[in-house]
Structures are given as C-alpha cells and as structure tokens.
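Quick note: the coordinates plus some simple rules give every number you see, no bench work behind them. Quick caveat, the model's predicted, so the values are computed rather than measured. Please note: Cβ atoms are built from the backbone with ideal geometry, for glycine as well, and neighbour counts cover all protein chains shown.
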C-alpha cells in the first residue's frame, strides 16, 4: 500500500444513496481499506457541501479528500471507521468487521448532528 494514498481495495458505484464506495475484495475486521490525503480548502462552507470534511476541533477548517474518501455514505450501523490525522492531513479507512466483496462501505457521520448538508440523511 502506498505511504500517502491507496484506494485499490475499493471502487465507486451507484447504490441506494447515490454514489457510494464498495469493497473490491473480501475485507477482514481491522484491515486498512483506504489511505488518503486531505487538502485544506479556504473560504468554503462545509455546512452546505457534503463532500468536504470537518478538519479541526473548532469546526472552522474544511478539507477535501483524495481517492474515494468523499464518497463513503452515512449509516447508523457502520461497517467502517474513518481515522483522521489532523496534523499530517491524512485519513485511513478501517474495517469494523469482516466485509464481503461488493458490499457498500459506510460510516457514521458524527457531524450529522450539526451540519445542515446532512439533515436529510
């Protein structure tokens, strides 16, 4: 796996919620699925743009993600977790359980509680 970015285990396709990320192969619990880079974006409002990430504890910095990172959909019963590194501007996607090939990968949007762009989810 590349040190900075690797999304070879996943692909983007249409699913029940529009575009989503799917497993290209069987994945094991605890497996690193994707690694990506984040680029800080200035003068944007992530409250209205669902493809940006909250990238600070004070909710005032926004970032754009590489690879498939922007396309993981929300669920209240996630099969993956996103691990953000705000210092190095990276994110890793980790399997929370064994996931069969072809399964949509979803995480819980913690900012769903306060970001206006997620209120319809």
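Given the Cα-Cα distance of residue 41 and residue 17 and 0.36 nm per residue of separation, how much length would full extension add, in nm?
Difference between extended and current length: 6.1 nm.
Starting from 0.36 nm per residue, how many nanometres of slack lie between residue 51 and residue 31 once their C-alpha separation is accounted for?
4.8 nm
Taking Cα extents along the principal axes in Å straight from the coordinates, which label in (i) 46, 27, 25; (ii) 53, 31, 24; (iii) 39, 34, 21 is the correct one?
(iii)
Put a dot 7 Å past each Cα toward the Cβ at residue 94 and residue 3; how far apart are the dots in nm?
Going from the residue 3 label point to the residue 94 one covers 2.2 nm.
In whole angstrom, how far apart do the alpha carbon centroids of segment 1-36 and segment 71-90 sit?
Using only Cα atoms, the two centres lie 11 Å from each other.
Using Cβ counts within 10 Å as a stand-in for footprinting exposure, how do 69, 37 rank, fewest first?
37, 69
Taking the simple approach of a point 7 Å from Cα along Cα-to-Cβ for both residue 77 and residue 58, what is their distance in nm?
Roughly 4.0 nm, to one decimal.
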